[in-house]
Amino acid sequence: MIVNIDYYLILGIFLFFIGFLGISYKRNNFIRVLLSLQIIILGILLCFAGLGDFMEDRMGEAYGFITLLVSIGEALLFLGISYAYFRKSGDIEIEVPDKHKERGN
Amino acid sequence: MVIFFLFSFFLILFAMISVFRKDTLEASIAFLCSVFCVSALFILSRAEFLAIATLISYTGLTIIIFLFTFLSMDTKERSFKRRFFPLGIITSIVFLVELGIIFLSLFSSSDCFFCNSSVTLSSRDYPMKTDNNVWELSYLLFHDLWFLVIVSSIILFLITLCIMSISTIKDEEREDK
């Protein structure tokens, strides 16, 4: 173990926080939401790899690989949905409905 | 330790750029750079297989995102992006030169991997205890965790089917109209 496990976990949590901030704050574009989700998954993968190295076991890496497979599938699904949205509306910007306008206030 | 902090700094920097940058193309390039930094950190934590898998799969994903964003742009914005063309050419030349150096060093060394015909898969005992962890991890994935691998592969297959069916349904709807 070259680097302490704490650094890996802190870095992973920090990445998770950045991605979460991106989803909750800048959710006006499909691609940006997708990139934020992938940043979150990168943080999780980093935690897996650090823990696997710390415990001197390949199990962390194996679970990281499976998570990677599922995350790639999720990203492809997201791209498919955004492609369908783009063909429907001609833009990848997400239109968030204004609740006040819907209520007629 | 210094390398870890260097790559961590760049990782956080590129992650913040990819999340908060307004231009989607630049955000996707920054995301690719952050994936590169994460792969370097994986190698530091002795997870070489995961590093290579991450790099290959996310590079493909980023290229798809890049193309999708580029095709959804207006013509004026596309011509504006041509100012990055010289930078792209220089980067491509640097990568090609690096690739050439790697191949030359592989074929010129005495223990050339591609030239050594005595290395066969059948002569190896599993699990291999070598310096690189690929054999060990493959044994773990396809022997101990085979069920999870198959489930994740089926999920990938179903997702691909979903995407294809979404596109087909949309095409049929358009033709009906």
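The values are calculated or read from the model by the stated rules, or taken from the named source; none is laboratory data. Since this is a predicted model, take the numbers as computed values, not measurements. All Cβ positions, even for glycine, are placed from backbone atoms using ideal geometry, and neighbour counts span all protein chains on display. Quick note on the areas: whole protein, heavy atoms, side chains included, nothing else; ligands and nucleic acids left out. Shrake-Rupley method; radii C 1.70, N 1.55, O 1.52, S 1.80 Å.
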- Query: Of all residues in the stretch B:36-54, how many are more than 7 Å from chain A (Cβ to nearest Cβ) and more than 14 Å from B:Leu137 (Cα to Cα)?
  - Reply: 5
- Task: Return the total of residues in the stretch B:20-33 being outside any helix (DSSP H, G or I) and open to solvent by less than 60 Å² (accessible area, probe 1.4 Å).
- Result: 1
- Query: How many of the residues in the stretch B:34-52 are open to solvent by 20 Å² or more (accessible area, probe 1.4 Å) and either touching a residue at least 60 places away in the same chain (Cβ under 8 Å) or under 11 Å from the mean Cα position of the chain (by Cα) (or both)?
  - Reply: 5
- Filtering the stretch A:14-68 for residues that are open to solvent by 30 Å² or more (accessible area, probe 1.4 Å), more than 16 Å from the chain's Cα centre (by Cα) and not charged (D, E, K, R) leaves a count of 5
- With criteria (1) of a type in the set (Val, Ile, Thr); (2) at pLDDT below 80; (3) more than 19 Å from B:Thr62 (Cα to Cα), A:Ile66 comes up short on (2)
- Looking for whichever is facing another protein chain (nearest Cβ under 8 Å) and not aromatic (Phe, Trp, Tyr) here; the options are A:Asp6, A:Asp53, A:Asp57. Which one fits? A:Asp53
- Message: Where the second residue is open to solvent by less than 50 Å² (accessible area, probe 1.4 Å) and in a helix (DSSP H, G or I) and the first is at the interface with chain B (Cβ under 7 Å from one of its Cβ atoms) and at pLDDT 75 or above and lies in the stretch A:77-99, which pairs have Cβ atoms under 6 Å and are six or more apart or on separate chains?
- Response: A:Leu77/B:Ile159; A:Gly80/B:Ile163
